[in-house]
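For reference, the structure is listed below as structure tokens.
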Amino acid sequence: MQVRIQEADFDVGSELAALRRADPRIGALASFVGLVRDVSGGAGVSEMRLEHYPGMTEKALAAIVGEALQRWSLIDALVIHRVGRLLPTDQIVLVAVAAAHRADAFAACEFIMDYLKTRAPFWKRELTAQGSRWVEARDDDDRAAERWRQPGG
Amino acid sequence: MLTILYFASVRERVGRAAEELALPAGVADVAGLLRHLGERGGAWEGLARIGNLRCAVNQQMVALDSPIADGDELAFFPPVTGG
């Protein structure tokens with residue numbers, strides 16, 4: 001299991017290859033890549049800055065991946081999240097999950113992403129023609145995370 | 001001593017990223033600390049009233065009625081927007 005916070009871009013192909021590492025138990029590799037869009041709330045976005053809480057971010061992501069490893073039958077998982085200055089079309093986040101079977105890989109990948117959106121301390125600031133503004137949290141993200149709640153969890 | 005961190009819009013609101021503060025007498029939880037900070041006036045008064053204010057104690061997200069103790073690292077921030 002690996003969690004990385006970095007300013008640098010990442011190469012999805014080589015990251016997935018490293019995660020598989022020719023492990024013959026892996027029959028399914030699911031991944032999600034989040035990208036910077038050039039529009040938000042009807043306004044054009046020319047640039048985005050991602051701030052985070054060093055220390056807590058890594059812990060929160062490790063806890064989310066740890067919970068996924070408990071809930072599904074997984075072989076490995078990887079989260080890379082970028083911070084700093086990003087431009088439209090840039091990659092922001094990679095979540096990749098390796099499992100024996102696709103159902104576990106798909107579900108865990110979506111779960112990690114939904115929890116990351118609501119529990120990992122990152123904040124986006126967008127630069128638009130009207131100036132810069134903090135991105136508001138979306139109720140949809142809360143509802144998406146809520147789906148995964150278990151009784152007593 | 002408490003370490004208090006402020007992030008994103010909350011940091012801009014109070015004009016401060018971090019501070020060290022002796023645990024004020026009579027303050028036992030996050031809500032109590034917010035009341036104490038509010039006594040500074042100005043932008044600090046509004047801190048406790050930010051409807052969606054989030055708090056972490058020792059890098060774990062907690063509810064505002066959570067206890068705090070000397071040596072804790074606290075952080076105040078808006079709802080997260082990563083991914």
Select from A:A77, A:A43, A:A100 the residue whose mean-square fluctuation is largest in a Gaussian network model of chain A (Cα-Cα springs shorter than 10 Å). A:A43
Accessible area of chain B belonging to carbon and sulfur atoms, whole % at 1.4 Å probe: 49 percent
Between region A:44-78 and region A:1-29, what is the separation of their alpha carbon centroids in Å? 14 Å
Can you give the FRET efficiency for A:E47 and A:M1, using 1/(1 + (r/R0)^6), R0 = 30 Å, r = Cβ-Cβ distance, to the nearest 0.05? 0.40
Restricting attention to chain B, which trypsin sites (Lys or Arg not before Pro) occupy a DSSP loop and are surrounded by at most 13 other Cβ atoms within 10 Å? B:R40, B:R49
Here the residues of region B:68-83 whose accessible area is at least 20 Å² smaller with all protein chains than in the chain alone (probe 1.4 Å) are B:F77, B:P79, B:V80, B:T81, B:G82, B:G83
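Could you look at region A:2-146 and say what percent of its accessible area is carbon and sulfur, using a 1.4 Å probe and all protein chains?
Values: 3440 of 7020 Å².
Carbon and sulfur atoms account for 49 percent of the accessible area of region A:2-146.
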Connecting C-alpha atoms closer than 10 Å in a GNM of chain B, tell me which of B:A63, B:A25, B:A17 has the biggest fluctuation. B:A25
Heavy atoms only, probe 1.4 angstrom, no DNA, RNA or ligands counted: give me A:D142, A:D23 ranked by accessible area, highest first. A:D142, A:D23
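Taking 8 Å as the Cα distance limit and 6 or more residues as the minimum spacing, I'd like the relative contact order of chain A as a percentage.
Working: 270 pairs, mean separation 49.3, N = 153.
Dividing the mean separation by the residue count of chain A yields 32 percent.
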Give me the summed buried accessible area for the A-B pair, 1.4 Å probe, to the nearest 100 Å². 1700 Å²
Have a look at chain A and give its Rg and Dmax from the Cα atoms, expressed in angstrom. 16.0, 52
For peptide B:49-59, what's the mean number of Cβ atoms from other chains within 10 Å of each residue's Cβ? 2
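Just for chain B, what percent of DSSP beta bridges are antiparallel, to the closest 5?
Working: 12 of 16 bridges.
Here the share of antiparallel DSSP bridges comes out near 75 percent.
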Take every DSSP beta bridge whose two residues both sit in region A:2-146, then give the antiparallel share in percent to the nearest 5. 85 percent
With chain A treated as a Gaussian network of Cα nodes joined by springs under 10 Å, which of A:L35, A:L86, A:L16 yields the largest mean-square fluctuation? A:L35
Taking a probe of 1.4 Å and leaving out DNA, RNA and ligands, region A:2-146 shows per residue an accessible area in Å² of 48 Å²
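Probe radius 1.4 Å, ligands and nucleic acids left out: which of B:D29, A:D139, A:D114 has the largest accessible area, and how do the rest follow? Before the final figure, lay out the partial values.
Values: B:D29 45, A:D139 100, A:D114 20 Å².
In descending accessible area the options line up as A:D139, B:D29, A:D114.
The values are calculated or read from the model by the stated rules, or taken from the named source; none is laboratory data. Since this is a predicted model, take the numbers as computed values, not measurements. Cβ atoms come from the backbone with ideal geometry, glycine included; neighbour counts cover every protein chain shown. Areas reflect the complete protein model, heavy atoms only, side chains present, ligands, DNA and RNA absent. Shrake-Rupley method; radii C 1.70, N 1.55, O 1.52, S 1.80 Å.
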